[in-house]
1. Out of curiosity, is residue 167 away from the ligand (no atom under 16 Å from the Cβ), assigned by TED's automatic domain parsing to the domain that holds residue 330 and crowded, with 20+ Cβ neighbours inside 10 Å?
2. Can you find a residue in segment 52-74 that is closer than 21 Å to residue 157 by Cα, in a helix (DSSP H, G or I) and either in contact with a strand residue (DSSP E or B) (Cβ under 9 Å, 6 or more places away or on another chain) or at pLDDT 95 or above (or both)?
3. Kindly establish whether residue 21 is at pLDDT below 95, touching a helix residue (DSSP H, G or I) at 6+ places or on another chain (Cβ under 8 Å) and not assigned by TED's automatic domain parsing to the domain that holds residue 163.
4. In segment 309-323, which residues are over 21 Å from residue 215 (Cβ atoms) and touching a strand residue (DSSP E or B) at 6+ places or on another chain (Cβ under 7 Å)?
5. Could you tell me how many of the residues in segment 110-123 are under 23 Å from residue 62 (Cβ atoms) and touching a helix residue (DSSP H, G or I) at 6+ places or on another chain (Cβ under 9 Å)?
6. Taking segment 170-199 only, how many residues are closer than 19 Å to residue 317 by Cα and within 16 Å of the ligand (Cβ to nearest atom)?
7. Mind counting the residues in segment 279-308 that are within 28 Å of residue 334 (Cβ to Cβ), assigned to a loop (DSSP other than H, G, I, E, B) and in contact with a strand residue (DSSP E or B) (Cβ under 7 Å, 6 or more places away or on another chain)?
8. Scan segment 124-145 for residues that are surrounded by 13 or more Cβ atoms within 10 Å (Cβ to Cβ) and out of contact with any helix residue (DSSP H, G or I) (no Cβ under 7 Å at 6 or more places or on another chain) and jot them down.
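The values are calculated or read from the model by the stated rules, or taken from the named source; none is laboratory data. Everything numeric here is computed off the predicted structure, so don't read it as measured data. As a convention, Cβ positions derive from the backbone with ideal geometry for all residues, glycine included, and neighbour counts pool all protein chains shown.
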Ligand SMILES: [Fe+2]
């Protein structure tokens with residue numbers, strides 16, 4: 001499927017020589033389709049904030065590898081389901097909220113919070129029809145700190161065993177996870193492949209060139225800015241720029257005083273990033289969702305903690321939006337560069353972009369091989 005020369009061995013060998021994935025992997029619908037089954041339907045995917053599931057009947061919805069999903073708090077705790085009615089496959093729940101039962105808005109088939117079908121109008125006389133044969137399809141739903149994930153793979157290891165260590169690293173930033181509260185969700189989409197967007201997130205080689213405001217707040221010099229790879233997540237740590245505190249350098253675009261003394265940018269395989277900036281407690285959980293090969297739909301769930309005033313929150317959102325707008329210009333241009341397929345391979349600088357290499361290794365291992 002990936003072409004004559006694209007065995008896993010050859011792709012990995014090319015990567016270790018500094019050659020990136022072929023351009024076609026960013027434009028080909030067959031690759032995007034394979035990513036859904038090989039990556040997204042076998043991984044823990046972020047859906048939303050645990051704080052929105054505090055009370056019985058609270059629910060949140062989202063998508064996992066193109067499949068509509070709902071997570072609900074029932075009497076027995078959190079439960080995840082494919083959010084698709086067993087009747088005509090209309091989506092059952094919308095957005096988030098609280099409900100005593102989950103009723104499909106098409107023909108009023110009604111499921112309890114455990115997913116059992118309780119009512120299907122006019123089904124009484126239907127031969128051979130039994131309500132108990134048509135529950136919502138169950139999926140795994142688990143939490144990592146303040147975040148809720150789902151997995152369509154019943155056999156996957158628990159989310160805590162995959163990503164748990166990232167919570168310890170976040171705690172070292174000065175953020176108290178239990179104090180974080182969800183503030184708002186920002187949404188957007190870009191005309192670029194999801195991998196191109198994440199590869200941009202995964203290096204700060206471009207920061208000094210493309211992000212002047214960001215680089216006034218965060219020390220992006222190669223001897224200060226650190227990269228760490230872990231098995232299923234990676235971490236970038238950028239110290240607060242000292243001149244941002246003393247006022248002797250370029251003025252940072254928001255108030256960087258506060259208990260969080262460093263930036264942390266985490267990537268959780270395959271498509272969640274968690275961004276923390278220096279200042280008062282702030283955390284954004286950003287999801288990068290492919291919609292075919294050349295569109296990425298994303299959202300950012302913003303959380304804030306103690307000491308973050310409305311003015312700080314406004315300036316932090318503006319800061320993140322500015323960086324995202326600068327990044328969008330870059331990745332939009334990269335996508336235009338990839339469409340023509342020339343040059344077919346890019347050339348990495350492994351020392352400056354170790355996390356991009358690690359990401360492409362994971363992509364290759366997931367995509368190439370036996371079905
Ligand atoms: Fe950037």
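1. Taking the combined requirement at face value, the residue does not satisfy it.
2. no
3. When the stated conditions are applied, residue 21 does not pass them.
4. Within segment 309-323, just 313 meets the criteria.
5. So the answer is 2.
6. The number of residues fulfilling the criteria is 2.
7. 2
8. Result: 131, 134, 135, 136, 137, 138, 139, 140, 141.
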